[in-house]
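The values are calculated or read from the model by the stated rules, or taken from the named source; none is laboratory data. All of these numbers come straight from a predicted model, not from anything done at the bench. Note that each Cβ is placed from the backbone with ideal geometry, even for glycine, and that neighbours are counted across all protein chains shown. For accessibility, only protein heavy atoms count, side chains too; no ligands or nucleic acids. Shrake-Rupley method; radii C 1.70, N 1.55, O 1.52, S 1.80 Å.
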Amino acid sequence: MIIKSKLSVPPLLKNGIIRKRLFDDFIDAKLGLVCAPAGYGKSTAIAEWSQHQEHLSWFSIDKSDNSPSQFCNYFIHAINQIEGVSCPASLAMAKQNNKLDLVNLVTLLLNELSEFNKPLCFVLDDFHHIKDKSILQGLPFFIKHMPLDWRLIISSRTMPPLSVSYLRIKQQLFEINEESLAFTAAETDEFFAKNTTFLRDPQEQEALRLNVEGWPTALQLVLMLSKDSVSFTQCAQEIGKSNHVYLWDYLEEEVFLSLTPKLQEILLKIAPLNRVDASIVNELCDISDGQLQLDLLKEHGAFIVPIDSQQESFTFHSFFKSFLLHKCKSISGFESDDKKIAQIWLAREEVAEALPHVLKIQDEKLVLTFLQEAGWKLFHDGHLNSLAQCFELIKQSIWVHPELILLNVSMLQSRHQGYKIAPMIKRAEKVFLEKDIHLSEIVKSEFDVIKAQIAINQGKINEALKLAENALITLSKDNMRANIVAQAVIAEAHHCLGSLPIAYQYFQEVKQLASAKDMHQTFIWATYQQAEILNAQGNHQEADKYIEQAITLILQHNLQKLPLYTFPLHFKAQRAYQDGHYDEAERYCEQALNIVSPYGESWVLYTYTLQAKIALEKGNSTYAGHLIDEIERLLRNQNYHSDWIAATNYVRIKYWRINNDLAAIERWLITAPQPDTAFNHFDQCHRRNRVRALIQLNKLEEAQALLEDNINHAQQCKLQTEVNRNLILLSSVESRMKQYTPAKKHLSQAVESSLFTGLNTSFVRESLHLGPIYQELVKETSLVKSVKDKLIKLASLSDINLHEAHINPFDSASVLKIQTHADTPRLIKNIPLTSREWQVLGFIYSGYRNHQIADSMGVAPTTVKSHIRNVYQKLGLEDRNEALLLTKELVSLIN
């Protein structure tokens with residue numbers, strides 16, 4: 001007896017969406033294979049396609065159809081339902097209970113169907129139930145001899161073992177897998193938009209899709225349980241984490257219970273693994289047929305997928321893995337053998353795979369063994385937080401293991417927790433003495449390398465250099481890690497001493513050695529340091545290339561969550577800041593903050609410094625003040641590298657200057673860093689900070705002498721960017737002192753240097769006092785064209801008019817006075833004008849017409865008209881006469 005519902009196309013889901021893309025390319029192929037685990041919407045997709053096909057038969061297969069007679073009987077009955085088709089002889093042969101000859105039956109069927117001269121479509125749904133060899137051999141015979149315009153579609157939870165490879169070669173095989181069936185972002189949005197009336201959080205929706213890997217059943221479940229925006233978010237989060245009873249019930253019924261008890265037990269034992277292969281199954285489950293069991297799991301569509309082309313290693317879909325782990329917890333007395341799993345991975349030297357299981361069992365002895373065998377690999381691969389957890393588990397045991405102390409110290413160094421290192425070394429040496437632990441010469445040398453790192457962090461450059469060089473003499477050549485670290489310290493020392501070419505070469509050697517030993521962090525740090533050297537030398541283009549290389553390596557080795565990543569991000573933020581791209585700089589800062597937040601607040605100082613600089617440039621003094629308060633608090637409670645202190649002091653002085661807080665500047669100057677020399681960029685910055693403070697206190701002679709000394713030191717070390725910055729500031733100081741001849745000379749040198757260094761905004765920040773010097777310098781006939789062109793560009797960026805006849809009454813200082821004057825009209829205070837708009841008002845005050853303004857500003861007349869129109873609209877002015885009257889009133893306030 002035939003069950004007619006098995007021969008009917010299933011009705012489409014009321015809440016479904018049309019996914020035409022799935023079958024767009026199913027045109028010339030004879031066979032279509034739609035293979036995916038349960039719940040991927042195979043039948044729904046084929047049913048949707050079937051709506052547009054004529055002369056189609058449908059056969060939904062179940063377990064009872066796994067016999068030639070039953071299968072053929074239903075298959076031919078399905079074909080017989082096509083209007084105009086009749087296969088009585090084939091049907092009679094299929095009903096015979098004796099053993100069928102499928103080749104004869106298929107031949108008869110093809111002959112009977114040949115009389116129907118139209119394209120036919122056949123669907124075999126849920127084909128994974130078919131295991132009978134005669135069916136699996138007979139069906140390819142049918143496919144091979146089908147006319148070219150016939151189509152057969154098979155849906156299955158697993159790839160059916162059919163001999164149809166020739167179809168793939170002839171491009172007559174069409175395949176859809178779970179990746180294709182997974183919902184795209186657009187389809188997910190369309191699905192929920194069609195079936196809900198409430199607002200959905202787009203980020204939560206996309207997170208759900210990614211977490212369930214586009215699995216349609218999970219999306220259907222969220223839809224079923226969501227009544228409003230709140231329940232949608234809650235349900236999306238629960239199911240996205242595979243943490244919902246309905247989801248578990250579905251996987252239990254559709255997948256888990258269909259497996260044999262042996263396969264169920266294997267699944268539970270391998271559930272904690274991120275990946276698995278036959279040998280692991282054998283060892284963990286105490287069996288010898290692991291490959292067979294994995295093949296059986298694949299055949300049953302148990303959400304296990306290959307992760308290599310040879311299909312030897314497998315992993316679970318994330319939601320099925322979560323289900324299995326939940327299942328493990330729900331079974332009384334069942335415990336995962338994490339110790340055995342850890343030992344399996346350690347034997348394979350798969351440190352990262354062993355790590356979570358080592359941490360889970362919290363066996364101190366195993367942790368010690370683990371760190372001794374695999375600690376350094378973990379370190380170089382960037383698992384710093386996990387290393388910290390390991391050390392937390394062996395708090396007391398570590399003191400009798402000098403090699404682990406060295407590892408812990410290196411971890412602290414990498415996390416920039418240098419303040420913890422010296423006390424740890426001191427305590428370790430005390431324990432060694434008390435317990436009579438004798439260190440080999442090699443281990444002593446390794447501790448000297450650590451002490452050299454401590455010294456370089458503390459700014460004791462010569463001491464660091466001596467310790468590192470002595471360590472290199474005694475270290476064994478086999479101890480490459482310590483040798484590499486020692487050379488890195490020597491490189492940093494030479495960098496600090498201003499020997500940039502030597503430092504660069506040492507870092508190059510460090511990179512070569514680190515690459516050979518897979519010391520990824522060391523390689524990246526050396527690359528970053530080389531970028532800093534190139535930047536100091538004014539070779540910005542090459543520096544940018546090295547920064548991009550460092551970022552590429554960080555992403556390649558999955559180190560983007562380490563504080564190391566913030567250094568190139570800060571570099572890019574600083575570069576964007578210098579170019580006036582403040583929004584871009586802010587984005588880099590936000591990215592850096594997200595990275596360092598798990599590592600403690602000491603890490604945020606430099607990012608706050610950059611953000612405060614950006615805020616001040618944007619005129620957001622309230623936000624800048626908040627950041628300065630945080631910076632002051634951090635400085636009181638932490639110890640920081642000299643480089644960070646220099647950058648932080650720069651923004652503090654800038655903030656105090658804007659707020660005219662001379663008392664704060666005076667207090668700072670008493671205790672501020674005052675390096676004897678300035679042979680590196682941060683000591684240069686320390687001294688320029690003092691110069692800026694002295695300028696604000698009107699101690700111009702002291703500022704001038706310090707700048708001249710700075711230039712001398714920077715030139716000795718070929719710090720071209722620092723020379724350029726010093727020249728700009730020196731010409732500004734000399735202008736203040738009315739020393740116009742040397743100011744003009746130094747500004748000319750600064751402009752010429754900027755052709756190489758690319759500095760622009762440093763000139764703009766000193767524009768108030770450089771304006772008269774620009775106007776004098778532009779008259780020099782000896783200026784080469786490139787320098788004169790750059791001079792004109794800088795003057796334009798600084799809103800400086802190079803024509804002597806016009807002096808802008810509304811420069812930045814005058815505008816500040818106007819905005820803070822008690823008698824200034826409220827409209828002027830409340831409606832901010834841009835610097836260009838103030839400049840245009842100044843020209844109107846001087847009697848310039850539009851074309852004269854355009855010539856003076858070097859812009860098109862239409863641009864001037866646009867500026868004037870904006871000014872009139874903002875200030876409610878009718879014409880130029882009203883604008884002229886207003887400018888005269890404003891000028892009278894500041895004269």
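Scoring SER753 on the criteria (1) within 15 Å of ASN535 (Cα to Cα); (2) open to solvent by less than 10 Å² (accessible area, probe 1.4 Å) leaves a single failure, condition (2).
The set of residues from the stretch 857-895 being under 17 Å from LEU827 (Cα atoms), in contact (Cβ under 8 Å) with a residue 24 or more places away in the chain and of a type in the set (Lys, Arg) comprises LYS874, LYS888.
In the stretch 807-829, of all residues being surrounded by 12 or more Cβ atoms within 10 Å (Cβ to Cβ) and among the basic types (Lys, Arg), the one that is nearest to PHE843 (Cα to Cα) corresponds to LYS817.
Screening the stretch 653-684 for residues that are hydroxyl-bearing (Ser, Thr, Tyr) and more than 38 Å from the chain's Cα centre (by Cα) and picking the one that is least open to solvent (accessible area, probe 1.4 Å) gives THR677. Could you please let me know if ARG687 is closer than 29 Å to LEU497 by Cα and open to solvent by 40 Å² or more (accessible area, probe 1.4 Å)? No: the conditions fail for ARG687. Taking the residues in the stretch 454-486 that are open to solvent by less than 30 Å² (accessible area, probe 1.4 Å) and not hydrophobic (A, V, I, L, M, F, W, C) as candidates, determine which candidate is modelled with the lowest pLDDT. For the stretch 454-486, the residue satisfying everything is ASN479. Counting only helices (runs of 4 or more DSSP H) that fall entirely inside the stretch 531-646 and contain at least 2 residues that are in contact with an Asp or Glu (Cβ under 7 Å, 6 or more places away or on another chain) and surrounded by 16 or more Cβ atoms within 10 Å (Cβ to Cβ), the qualifying elements are 605-618. Pairs are defined by a Cβ separation below 9 Å, a sequence spacing of at least 6 or placement on different chains, a first member in the stretch 356-368 that is over 15 Å from LEU387 (Cβ atoms) and among the β-branched types (Val, Ile, Thr), and a second member that is open to solvent by 30 Å² or more (accessible area, probe 1.4 Å) and modelled with pLDDT under 90; the pairs so defined are ILE361/LYS339.
Of the numbered criteria (1) among the small types (Gly, Ala, Ser); (2) surrounded by fewer than 23 Cβ atoms within 10 Å (Cβ to Cβ); (3) under 23 Å from LYS460 (Cα atoms), the one ALA526 fails is (2). Does ASN73 satisfy the criteria of being open to solvent by 20 Å² or more (accessible area, probe 1.4 Å), in contact with an Asp or Glu (Cβ under 6 Å, 6 or more places away or on another chain) and touching a residue at least 60 places away in the same chain (Cβ under 8 Å)? So ASN73 does not fit the description; no.
Only residues that are hydrophobic (A, V, I, L, M, F, W, C) and either over 17 Å from ALA750 (Cβ atoms) or without any contact (Cβ under 8 Å) to a residue 24 or more places away in the chain (or both) were counted across the stretch 686-710, and they come to 6. The set of residues in the stretch 769-806 being open to solvent by 80 Å² or more (accessible area, probe 1.4 Å), modelled with pLDDT under 85 and not polar (S, T, N, Q) consists of GLU776, LYS779, LEU797, HIS803, GLU804, ALA805. Does SER892 fit the bill of being open to solvent by less than 50 Å² (accessible area, probe 1.4 Å) and out of contact with any Asp or Glu (no Cβ under 7 Å at 6 or more places or on another chain)? No.
Residues in the stretch 711-758 that are within 19 Å of ASP676 (Cα to Cα), part of a loop (DSSP other than H, G, I, E, B) and either free of Cβ contacts under 8 Å to residues at least 60 places away in the same chain or of a type in the set (A, V, I, L, M) (or both): LEU719 alone. Output yes when any residue across the stretch 403-410 is of a type in the set (Ser, Thr, Tyr) and open to solvent by 30 Å² or more (accessible area, probe 1.4 Å), and no when none is. No: zero hits. Could you tell me whether the stretch 84-102 includes any residue that is on the phi > 0 side of the Ramachandran plot and either open to solvent by 10 Å² or more (accessible area, probe 1.4 Å) or assigned to a helix (DSSP H, G or I) (or both)? Scanning the stretch 84-102 turns up at least one residue that is on the phi > 0 side of the Ramachandran plot and either open to solvent by 10 Å² or more (accessible area, probe 1.4 Å) or assigned to a helix (DSSP H, G or I) (or both).
Does LEU794 count as closer than 28 Å to LEU729 by Cα and within 43 Å of the chain's Cα centre (by Cα)? In short, yes. The residues of the stretch 10-62 that are part of a strand (DSSP E or B) and among the polar types (S, T, N, Q), listed by number, are SER57, SER60.
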